[in-house]
1. Could you check, for region 123-137, whether at least one of its residues is in a helix (DSSP H, G or I), among the aliphatic types (A, V, I, L, M) and within 28 Å of Ser16 (Cα to Cα)?
2. Check region 126-138 and report whether any residue there is surrounded by 14 or more Cβ atoms within 10 Å (Cβ to Cβ) and within 19 Å of Phe35 (Cβ to Cβ).
3. Would you call Ala66 assigned to a helix (DSSP H, G or I) and either modelled with pLDDT of 90 or more or over 17 Å from the mean Cα position of the chain (by Cα) (or both)?
4. Determine which member of the set Gly71, Gly64, Gly60, Gly53 is in contact (Cβ under 8 Å) with a residue 60 or more places away in the chain and of a type in the set (Gly, Ala, Ser).
5. Based on this model, can you work out whether Arg50 counts as under 16 Å from the mean Cα position of the chain (by Cα) and among the charged types (D, E, K, R)?
6. Need pairs with beta-carbon distance below 9 Å; first residue within 16 Å of Leu88 (Cα to Cα) and in contact (Cβ under 8 Å) with a residue 24 or more places away in the chain and within region 18-33, second among the hydroxyl-bearing types (Ser, Thr, Tyr) and in a helix (DSSP H, G or I); sequence gap 6+ or separate chains.
7. Confirm whether Ala96 is touching a residue at least 12 places away in the same chain (Cβ under 8 Å), within 18 Å of the chain's Cα centre (by Cα) and either over 24 Å from Leu65 (Cα atoms) or surrounded by 11 or more Cβ atoms within 10 Å (Cβ to Cβ) (or both).
8. Might you let me know whether region 97-120 holds any residue that is under 21 Å from Pro18 (Cα atoms) and in contact with an Asp or Glu (Cβ under 9 Å, 6 or more places away or on another chain)?
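The values are calculated or read from the model by the stated rules, or taken from the named source; none is laboratory data. Fair warning: this is a prediction, and the values are worked out from it, not measured in the lab. So basically every Cβ, Gly included, is an ideal-geometry build from the backbone, and we count neighbours across all protein chains shown.
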Amino acid sequence: MSSTTTGDSTASSARSRPRAVAFVALTAAFIAAAFWHPSDDGIPLCALKRATGVSCPGCGMTRGLAAMARGEPGVSIRYHAFAPLVALGALAAWVALGLGLITGRNLLPDLTARRVTIAVVAFTAAFLLYWLIRLWTRTAP
């Protein structure tokens, strides 16, 4: 009976390892973003923008997330309107991962669920539409 218990705890530990790594990575990203003050010196961070001159759908997101981490939502939205939503999603994932590690349960949603798929498709469509509007109006960074 003890071998089953040991096997279960080993399997549980192996399943929680990726969640622990994700939690640590998100924690590090939040800390880095809070202290990073990217400049608008005309040097694009985006490889696509550097290579082609065309802004990618996420152009401005890094600076927008850094502004959100510093508590500057207005600045964040000016860089990229979706930055506050992405920051909120990252924060929700961080909380779910942290609570899951404390309780030993997986609190993240099932990514194969139909409602999650619909939400991801809707978010992606809105994200791409926002990008096309920014390209059309020449407001992309």
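1. No - not one qualifying residue is present in region 123-137.
2. no
3. no
4. The match here is Gly60.
5. Here the answer is no, as Arg50 does not meet what is asked.
6. Pairs found: Ala33/Thr62.
7. Yes: the conditions hold for Ala96.
8. Yes, region 97-120 contains a residue that is under 21 Å from Pro18 (Cα atoms) and in contact with an Asp or Glu (Cβ under 9 Å, 6 or more places away or on another chain).
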